[in-house]
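Report on one structure; see the data block that follows.
The values are calculated or read from the model by the stated rules, or taken from the named source; none is laboratory data. This structure is a prediction, so every number in the text was calculated from the model and none was measured. Cβ coordinates were reconstructed from backbone atoms using ideal geometry, including for glycine residues, and neighbour counts include every protein chain displayed. Just the protein is used for accessible areas: all its heavy atoms, side chains included, with ligands, DNA and RNA removed. Shrake-Rupley method; radii C 1.70, N 1.55, O 1.52, S 1.80 Å.
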Amino acid sequence: MGLLFGRLRAAVVGIIVVLFCCRISLGQAGRFDLTGPRIDVRVTRGDKTLPIASVPNLQPGDKLWLFADLPRTQSVHYLLVAVFLRGTTNPPPDKWFHKIQTWDKKVREEGVTITVPNEAQQAILFLAPETGGDFSTLKSAVKGRPGIFVRASQDLTEAGFEQARIEKYLAAIKTVDPGDPKALKEHSELLARTLNLHPNQDCFNKPMDQQYACLTQTGTQTLLNDGHGENVVSMLSRSDTSALIGAAANTSIAGGGLYSAYVGAVVDLVRLTSNLHTAQYQYIPAIAFPQVEALNLRLNTAPSFHNPKSVIVIGLPSIQKAIPPPLRASDAQFVTCMLKPGVTLPVEGAPLVFSTAFAHDMVLHINGAPRADIPLSPDPFKGGLVLRPEESRTHIPLPNERFGKGDDQVKKDSSPSGNEPKPPTDPDAPKTDVTGTITGYWGFDPFTGPTLPLQDVAGKDWKLATDSVLIAGRENHLTLSSTGTACIDNITFERSSGRVGEAQWKRSDKPNVVDVTLSLKSVDPGNIHLDVHQYGETPVAAVTAQTFSEPARIFAITLHAGDSAATLQGTSLNQVRQVEVNNLNFTPIGEPAIAPGQTGASQRTENLTVSLPESSQGPDLHPGDHLTAHVALRDGRTLSHVVTVDSPRPSVTLLNRAISKQGVSPIRLANPDDLPVDEKITFSLHSASPFPRNGKIEIANADESLRSDLTISSGLILQNAHTLLGSFDPLKTFGTSAYGPIRLRPIGPEGTAGDWISLANLVRLPRLQEIHCPSDPAALCTMSGSDLYLVDSISNDVSFANPVQVPEGFVGNTLSVPRPPKSGFYLKLKDEPDSENMVVMPVQIQRAPQPPQPVAAPPPATSPTAPAEPPSSTSAPDSHEPAPPGTAPDTAAPATPPPSTPQPARKAR
């Protein structure tokens, strides 16, 4: 271990020395977005020539045609140097250096052809400005440190591969409508799968209008991860010496890191090229983007034509045996329908197939069919290899077409001897084992890809699986089977109303089976028709299924001794027709009610009360009896459930009640059950059995939205074991918005509730203050008060022949009413509009002022001892009924005399 560590440390120290001595400087280089010169390359192997874009690897003996496609107006002469390398520790011989003067006339017109020598492992190009000793300087640099250029060749090539994948993704995703997030996510996943990239999933959590910009963001490429931790592009744009030294142990120089024509683990020490410079030259890397025969170069540093001049370093494919692309099916169980327009074979595992032109002349060979090769094109946007649109499958004889009628030539060609093969027993029976194999060329070498299952005829014999039961009123899952399910276009079903709905479906894990989801929430029980639409000119396949009602489920039956009613708990209890227990027939009362706390549940638990007929006697049942209940459903089915008779429920009766008047109101309530909400009620109850001290009395309104409990410690007093007194303050307990009937029931210590009994009817009373009437009997009076919105109507007669209606939402403090009789008037309340309540309150009459009287002569002087005449009474409101019209009131006072008129009482003095 120590020896190994020593060797590793020595290797790292050696690299550090190189870095220190040769002073690496990428500066603060940015992305590779500067356009560089163009170099055209063609490769000839034997009698076949391919452009460089279709060559993943070189081999000894290959002939390279090189041409520097520089502009005619190029002012600086560039020297193109091609060098072959043979490893990090074995400098190349002189004859492996090829000097190409790009400004030479013959070179500019014809290019140069060189041959890959034996034992060569890498190839690299230098493009340097002409200067004195340029060729010898480059040769010396390569021979002196070959490992640096070996690594540069490898990593520049790999960086180009990765950048090609990224740019392929970006170019394709930009074709998606930014306003369609579903398509954006779908195509992003297909591209990522085929290109082996990992888009930033956080982009899909952003608002819809930001997802597109997030996915197409460039720069440091933080949104795209190649699956190896850090991509080459982001590493190339940094200049962190410590990170470089830390990665050195994994390089070829230190004994690790092997290159493959197919990108595997990404390594990054390409910037070692810029560590090496002389007085004349400084090396800058270039990433190549091949298009046909052109190496389109991109730089991350602008070239310099001053000393030290920039030498552009260009990597060429590695010299090694071909490694075919590891294509594989995305889903081994997926069957491709050959009848579908725009067939795409879902494959993955080899991103260079989709991002480069290395794979070419690919076809899908139909196994078992003669001359059945269908051209393929890689399309990462669609997630696989696409059958070329110009090729129609009707021109390719598939296995199921070989024995078709009228295809005699195909029959002959399918037999080596030309004799017609013996057809199957059933010519129309489709083959279920049709497969196709992907084949093509990887550069100069043929390769064979995966074999995929295919379906070339529409499925037949569609039927519903035997274990599929459809229940009306809910979402259903069923399975359909056929001879083949790959060519389904869509599945529809017809509702009982005639409206057609589309079913959701997906392929099952089982062969030739498809899972279908139907929403039958608005469908009644009965037959339902499913239509399977398939690709191709195929008739619609119809499947008929039966839908049933949701079967009732009984969870529990509660029956107390002495009760004539029982409670069922379960689901779909509306199907219950009758319950028979111990020869007693209980029938439902009303509709099932949802159990508390079950409103949002998908399978809601319900409670259903069943009761004996009123004419029947109570059942003679005892606590602890074990009986069997037979529940008869409306569709004829019968369910059985075991019932254990419970102890009798607590029972109380109302003995008496009294209302504590809190104030004086002119309203006399006609209904004795009415309880003003601001008044307390005291009541007494009789319990059939001794009332437990830990029992309670529950008081609630009709819908139980308001409820309160009275206990021995709060509101209840035991007079004896069977008699108890209670008091209840509705205003304090329920508030000012409480009205309507309130009731009570006993609750046992274990929570068993007795029957509800009525306690009172809560009403809210308005506060009537005064009634002011004018002297004219026909004029309307004004009634003032507060909370007048609680009044429904007012009338002077009990029949309410001509009532004064108070509108809804009235917020005033006065009402205009007819002059009430002396005996009072009638009032109906909003809280109880059926009762005519008497109101007796004084009416104040406003007298009209009297005309001035003539001044009378002074009366004769009176004796000082005579008693003074009392002064005339002033006009005052009458608290009683006024005198009949036309008669002078006895108590009418004269009008007030003018100030100048002396008062009679004063004259008497």
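Descriptive notes on the structure:
- Exclusive hit being surrounded by fewer than 15 Cβ atoms within 10 Å (Cβ to Cβ) and more than 30 Å from the chain's Cα centre (by Cα), set G536, G562, G570, G590: G590
- Under the condition of being modelled with pLDDT of 80 or more and open to solvent by 70 Å² or more (accessible area, probe 1.4 Å), the residues counted in region 506-529 number 6.
- Residue selected from region 143-193 under the condition over 30 Å from A286 (Cβ atoms) and of a type in the set (D, E), by the criterion least open to solvent (accessible area, probe 1.4 Å): D180
- Residue check, P93 at pLDDT 90 or above and touching a Pro at 6+ places or on another chain (Cβ under 8 Å): no
- Residue within region 433-441 that is part of a loop (DSSP other than H, G, I, E, B), among the aromatic types (F, W, Y), within 25 Å of S377 (Cβ to Cβ) and modelled with pLDDT of 90 or more present: no
- Matching residues, region 101-115, being open to solvent by less than 30 Å² (accessible area, probe 1.4 Å) and modelled with pLDDT of 90 or more: G111, I114
- Residue check for P71: surrounded by fewer than 19 Cβ atoms within 10 Å (Cβ to Cβ) and either of a type in the set (S, T, N, Q) or modelled with pLDDT of 90 or more (or both): no
- Residue in region 452-464 that is small (G, A, S), open to solvent by 30 Å² or more (accessible area, probe 1.4 Å), more than 17 Å from V347 (Cβ to Cβ) and at pLDDT 50 or above present: no
- Test result for G179, over 18 Å from L80 (Cα atoms) and outside any helix (DSSP H, G or I): yes
- Entirely in region 62-128, the strands (runs of 3 or more DSSP E) that have 1 or more residues that are among the aromatic types (F, W, Y) and under 21 Å from V43 (Cβ atoms): 63-69, 78-85, 97-101
- Scanning region 116-136 turns up at least one residue that is open to solvent by less than 20 Å² (accessible area, probe 1.4 Å) and modelled with pLDDT under 85.
- A single member of D62, D94 is loosely packed, with under 14 Cβ neighbours inside 10 Å, in contact (Cβ under 8 Å) with a residue 40 or more places away in the chain and among the acidic types (D, E), and it is D94.
- In region 718-731, the residues that are under 10 Å from V677 (Cβ atoms) and either surrounded by fewer than 16 Cβ atoms within 10 Å (Cβ to Cβ) or among the aromatic types (F, W, Y) (or both): none
- Applying the criterion of being small (G, A, S) and part of a loop (DSSP other than H, G, I, E, B) to the residues of region 683-698, the residue that is nearest to F728 (Cα to Cα) is G695.
- Region 780-802, residues that are farther than 17 Å from K822 by Cβ, open to solvent by less than 40 Å² (accessible area, probe 1.4 Å) and of a type in the set (A, V, I, L, M): L788, L790, V791
- Meets criteria (over 18 Å from P37 (Cβ atoms) and within 60 Å of the chain's Cα centre (by Cα)) for D94: no
- Candidates F548, F555: the one that is open to solvent by 60 Å² or more (accessible area, probe 1.4 Å), touching a residue at least 12 places away in the same chain (Cβ under 8 Å) and under 30 Å from D625 (Cα atoms) is F555.
- Breaking point among (1) farther than 30 Å from L768 by Cα; (2) in contact (Cβ under 8 Å) with a residue 12 or more places away in the chain; (3) in a strand (DSSP E or B), for R657: (1)
- Residues that are open to solvent by less than 50 Å² (accessible area, probe 1.4 Å) and farther than 16 Å from L759 by Cα, drawn from region 640-662: H641, V643, V645, P650
- Selected residue [modelled with pLDDT of 90 or more and closer than 23 Å to S651 by Cα] from V610, V576: V610
- Residue in region 757-775 that is loosely packed, with under 14 Cβ neighbours inside 10 Å and not polar (S, T, N, Q) present: no
- Some residue of region 770-777 being over 21 Å from P833 (Cα atoms), of a type in the set (D, E) and in contact with a strand residue (DSSP E or B) (Cβ under 7 Å, 6 or more places away or on another chain): yes
- Restricting region 663-717 to residues that are touching a Pro at 6+ places or on another chain (Cβ under 6 Å) and open to solvent by 50 Å² or more (accessible area, probe 1.4 Å), the residue that is nearest to G740 (Cα to Cα): A702
- Odd one out for T736, checked against (1) surrounded by fewer than 19 Cβ atoms within 10 Å (Cβ to Cβ); (2) touching a strand residue (DSSP E or B) at 6+ places or on another chain (Cβ under 7 Å); (3) among the β-branched types (V, I, T): (2)
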